[in-house]
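The values are calculated or read from the model by the stated rules, or taken from the named source; none is laboratory data. Just so we're clear, the structure is a prediction, and the values are computed from it rather than from any experiment. Cβ sites come from the backbone with ideal geometry, for glycine too, and all protein chains shown count toward neighbours. Please note that ligands, DNA and RNA were not included when accessible areas were found on the heavy atoms of the full protein model with its side chains. Shrake-Rupley method; radii C 1.70, N 1.55, O 1.52, S 1.80 Å.
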Amino acid sequence: MAYTLQAVVAKSEAFSLPLPQGLRVIRLRGGIDMLPLSAQALKIHGISFCPLTDEGEEELPQTLVKLCERLSKQCVLAYIEAEFFSGAGAQAHALFSEGKAIGRPVVSDSAINHALRYLGVAKEDAHDEFESAGLGKHRDTNEWVA
């Protein structure tokens, strides 16, 4: 079974309105809001599908960097992506604050958990931060905005 996620996450109420075209806030558990980067949003903003995990890039495409810089002017956020099929795959994150990237993108088995911890999500009684935030609710990014 496949799982794909491509989104921007931040603490609840952190994203400034109005949001860029094609984006909408989804409230997650753990005090986190998510902007799913659906197929429509990717097309509108000229962003490739999972550039770090699907395409093997080491840097984010400039269109995605510019979007994250714009969204992070007033908050700390994480761009997250994951792609799995039949248990094999990868996940990644890139952190932004005050309109700038914080370090380089990270691709690892626990990249999304690391990003969520950075944003203050605790795993509490869940298996990990990913589960605690409810990111397993849907198996595809587009399902979050359907």
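Which numbered condition trips up residue 29, out of (1) surrounded by fewer than 16 Cβ atoms within 10 Å (Cβ to Cβ); (2) farther than 17 Å from residue 113 by Cβ?
Status for residue 29: all satisfied but (2).
Given the criterion farther than 22 Å from residue 14 by Cβ and modelled with pLDDT of 95 or more, identify the matching residue among 117, 104.
On inspection, the qualifying residue turns out to be 104.
For segment 68-113, enumerate the residues that are among the hydrophobic types (A, V, I, L, M, F, W, C) and assigned to a loop (DSSP other than H, G, I, E, B).
Across segment 68-113, the qualifying residue is only 75.
Give segment 108-121 a look and list any residue that's open to solvent by 50 Å² or more (accessible area, probe 1.4 Å) and not polar (S, T, N, Q), or say none.
Result: 109, 114, 117, 118, 120.
Which numbered condition in (1) free of Cβ contacts under 8 Å to residues at least 24 places away in the same chain; (2) in a strand (DSSP E or B); (3) within 25 Å of residue 2 (Cα to Cα) is the only one that residue 34 fails?
Going through the list (1) free of Cβ contacts under 8 Å to residues at least 24 places away in the same chain; (2) in a strand (DSSP E or B); (3) within 25 Å of residue 2 (Cα to Cα), residue 34 breaks only (1).
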